[in-house]
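This report concerns only the one structure given below.
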Amino acid sequence: MPNVPMTLPQLALKVHGTQFFHWSTFAELEGGRVVHFAKGHVTYSDDGGITWTAPFEARDVNGNPVGASKSALVRLDGNAIGVAATMQEELTAALPFMRAYYLAFWRSEDGGRTWSAPTRISEPGHGSYIYQDVFLRTSSGRLVLPSYILWGQNRGAGEPAFPASGKLVRGQWASTGAHYFDPHFGTVQVHYSDDDGRTWRTNRDGDIMVLMESGIWSYCEEPSVTEVSPGRLLMIHRTGLGRHFVSWSHDNGETWTRPMPTPLATSTTPAQIRTLPNGHLLCIWNQETETEARMGYNRTRLSSAISRNGGSVWEFFQNIESLHETTRVEPGPIRYHHPEETHNEPGLPAPERDGSLVHTAAEHGRWSYPSVLVMKDRVLVAHTYTGYEDDEHEARLLLVGGGRGSVPGSFNQKLKVLPLEWFYGGKKPADNPFLKWAHEAAVS
């Protein structure tokens, strides 16, 4: 069955082309109304994402804008909602760029029409950030917000710019990767509140980082979290090691296990993890082989998979958007890798490259940074969308999406409304009898 650019496209309830890039975050109110928040603007849907109202700008009681480019919505009691965002303090010599970011929280009692003044979540001087759409309210009512901290210099004094990675698309060079040569080290913190966001605490066992007994280490960034069972949380981390890593909390987010690798192959991009109404887990992420990543096919397959045993076995691999037919990728060795075609600044030596992985592509695109809302019978998935078109008059590539030289009137995000059955390959969701049997045999 063809899987390019999407598995089972005939099952999609609706596909929107929007200008919200990777800023979308969602919450469902009582009665089923969906609130969508993106870069300080609010829209609503009363039919499960099929149609949307016109956006309006959210402002707090002091008239200041609410939220920022990356924000996260969460449903509170009744029609109250909250939003968290990464904000920037004034730069000073004692507070350089990387340390100037902090997390703030706003509350709305009327579903997003009016907002309180912000409450600070993270401590000053830490440089805290969030991945969009990662707020969780657990079954106990606790709010859980995973965040990450970036450590280190942008680059050393006098050093040249980082190598540019990409490949030739229709004979013209195009950037195809991101963060492969980022020098920062990332660690994760988890903030939680038991009074609907009025006061906040941070996980009490310190920064979470990828450090394996084998000596392998990596940055740990842009986490997403879900509740697997009451008080038992699962958090997924972006790394540079070709796989997503996960941590577990058995005390509702207060302490966490050391991150360990999953069987989910990826490059340097984040994932979203959710719990479905039937208790199964849903993961949406950029699934790539090491070879694909080294060939410059970065963020060219946005996939989904289901786990029916709490996060060990993953099934029903689907492509939400892809350049590739393959829907399931076997992960490679746990190690760093980057695109083979890289270029240094003029005047610096050209790097050595494996010629078998350097080529010219006829088509290319990038889709990543999913935002995900799980509803009773469907899932809303928003993701970035960037493609390339030849300029018919000049020798240049134009972006279908946001950015310099973008095609006028193009969109930079797709919002897909997919029934639950889509994530199971078009079948009605059900438990896996073999996994149930294997678990019962293991504990007996």
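Miscellaneous remarks
- Residue within the stretch 40-53 that is over 30 Å from VAL188 (Cβ atoms), aromatic (Phe, Trp, Tyr) and exposed (fewer than 15 other Cβ atoms within 10 Å of the Cβ) present: no
- Summed over the stretch 23-46, the residues that are assigned to a strand (DSSP E or B) and small (Gly, Ala, Ser) give a count of 4.
- Those residues of the stretch 213-228 which are without any contact (Cβ under 8 Å) to a residue 24 or more places away in the chain and either at negative phi or crowded, with 21+ Cβ neighbours inside 10 Å (or both), in sequence order: GLU213, SER214, TRP217
- Some residue of the stretch 144-153 being closer than 29 Å to GLY347 by Cβ and either touching a Gly at 6+ places or on another chain (Cβ under 8 Å) or surrounded by fewer than 20 Cβ atoms within 10 Å (Cβ to Cβ) (or both): yes
- The single residue among LEU302, LEU264, LEU282 that is in a strand (DSSP E or B) and farther than 16 Å from ALA382 by Cα turns out to be LEU264.
- As a summary of the residue check, ASP354 satisfies the conditions (1) at pLDDT below 90; (2) farther than 22 Å from THR51 by Cβ except for the one numbered (1).
- None of ARG301, ARG353, ARG366 is free of Cβ contacts under 8 Å to residues at least 40 places away in the same chain, buried (at least 16 other Cβ atoms within 10 Å of the Cβ) and under 27 Å from PRO163 (Cβ atoms) except ARG301.
- Residues in the stretch 207-225 that are out of contact with any Phe, Trp or Tyr (no Cβ under 8 Å at 6 or more places or on another chain) and either at pLDDT below 95 or within 19 Å of VAL83 (Cβ to Cβ) (or both): MET212, GLU213, SER214, GLY215, ILE216, TRP217, VAL225.
- Here GLU363 meets the list (1) at pLDDT below 95; (2) more than 18 Å from ASN3 (Cα to Cα); (3) charged (D, E, K, R) almost entirely, failing just condition (2).
- The requirement of being within 19 Å of the chain's Cα centre (by Cα), surrounded by fewer than 24 Cβ atoms within 10 Å (Cβ to Cβ) and closer than 23 Å to TYR44 by Cβ is fulfilled somewhere in the stretch 126-139, by at least one residue.
- Filter result for GLU292 (farther than 26 Å from SER229 by Cα, free of Cβ contacts under 8 Å to residues at least 40 places away in the same chain and not in a loop (DSSP other than H, G, I, E, B)): yes
- Residues satisfying the stated conditions in the stretch 92-125, i.e. surrounded by fewer than 16 Cβ atoms within 10 Å (Cβ to Cβ), part of a strand (DSSP E or B) and charged (D, E, K, R): ARG120
- Screening the stretch 1-39 for residues that are without any contact (Cβ under 8 Å) to a residue 60 or more places away in the chain and surrounded by 19 or more Cβ atoms within 10 Å (Cβ to Cβ) and picking the one that is nearest to ARG137 (Cα to Cα) gives HIS36.
- Residues located in the stretch 313-331, provided they are surrounded by fewer than 16 Cβ atoms within 10 Å (Cβ to Cβ) and within 24 Å of TRP217 (Cβ to Cβ): GLU330
- Residue check, TRP248 farther than 25 Å from LEU380 by Cβ, at pLDDT 95 or above and assigned to a strand (DSSP E or B): yes
- Scope the stretch 165-179; condition in a strand (DSSP E or B) and at pLDDT below 90; matching residues: SER175
- In the stretch 52-76, the residues that are closer than 13 Å to HIS36 by Cα and in a strand (DSSP E or B) reach residues that are of a type in the set (Lys, Arg) and modelled with pLDDT of 95 or more with C-beta atoms within less than 9 angstrom, at least six apart or across chains, in these pairs: PHE56/ARG113; VAL74/ARG137; ARG75/ARG137.
- Among the residues making up the stretch 21-39, those that are modelled with pLDDT of 95 or more and either under 19 Å from the mean Cα position of the chain (by Cα) or closer than 19 Å to GLN132 by Cβ (or both) are TRP23, SER24, THR25, PHE26, ALA27, GLU28, VAL34, VAL35, HIS36, PHE37, ALA38.
- Some residue of the stretch 180-200 being of a type in the set (Val, Ile, Thr), touching a strand residue (DSSP E or B) at 6+ places or on another chain (Cβ under 7 Å), part of a loop (DSSP other than H, G, I, E, B) and more than 18 Å from PRO223 (Cα to Cα): yes
- Any chance ILE273 is part of a strand (DSSP E or B), more than 22 Å from HIS337 (Cβ to Cβ) and of a type in the set (Val, Ile, Thr): yes
Okay, residues lined up against (1) hydroxyl-bearing (Ser, Thr, Tyr); (2) surrounded by fewer than 18 Cβ atoms within 10 Å (Cβ to Cβ); (3) more than 18 Å from VAL134 (Cβ to Cβ); (4) without any contact (Cβ under 8 Å) to a residue 40 or more places away in the chain:
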position: ALA164; (1), (2), (3), (4): no, yes, yes, no
position: VAL169; (1), (2), (3), (4): no, no, yes, no
position: PHE181; (1), (2), (3), (4): no, yes, yes, no
position: HIS184; (1), (2), (3), (4): no, yes, yes, no
position: VAL188; (1), (2), (3), (4): no, no, no, no
position: ARG198; (1), (2), (3), (4): no, yes, yes, no
position: ASP205; (1), (2), (3), (4): no, yes, yes, no
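- Some residue of the stretch 4-14 being closer than 30 Å to GLU325 by Cα and assigned to a strand (DSSP E or B): yes
The values are calculated or read from the model by the stated rules, or taken from the named source; none is laboratory data. Computed from a predicted structure; not experimentally measured. Reconstructed Cβ throughout: ideal geometry from the backbone, glycine too, with neighbour counts over all protein chains shown.
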